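Quick notes on the structure that follows.
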């Protein structure tokens with residue numbers, strides 16, 4: 001009986017190991033692809049912050065006297081979000097957003113904008129949706145590309 005149980009345990013060990021590895025490695029290839037793309041492209045925009053946010057103003061330079069958002073503001077945005085391969089996961093026009101509800105990278109980027117400006121952001125997963133599935137079913141470890149126009153901001 002003990003030999004049979006031991007033999008059965010030995011047969012199950014590779015199966016259990018395979019199953020546990022499969023769960024932890026499900027997105028590992030996606031992570032590697034996104035990390036490599038980010039490293040190759042992060043310096044292609046004008047500014048790279050300490051957090052890893054890369055950005056460039058691509059739209060008209062707004063009047064510096066125009067309102068800049070504050071961390072707890074509500075903002076209205078035209079926003080397009082895509083993966084590194086260009087597939088869009090988000091496209092919204094004049095969409096109202098509460099800044100604290102956005103991913104950390106978007107929060108940081110939007111706070112740099114003045115009403116009327118258009119920016120491109122590259123957001124690494126660490127300040128995007130991280131290691132979990134995010135809004136719009138964004139897979140873990142995704143580097144995100146956004147084009148954002150700040151239409152207006154208002155204190156909440």
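Read-outs: derived from the displayed coordinates by stated rules, not from any lab. Owing to the predicted nature of the structure, the values given are computational and were not obtained by experimental measurement. Positions of Cβ are generated from backbone atoms using ideal geometry, with glycine treated the same way; all protein chains shown enter the neighbour counts.
Overview of results
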quantity: Per-residue Cβ neighbour rank within 10 angstrom, fewest leading, 73, 35; calculated: 35, 73
quantity: For 119, 83, order by how many other beta-carbon atoms lie within 10 Å, fewest first; calculated: 83, 119
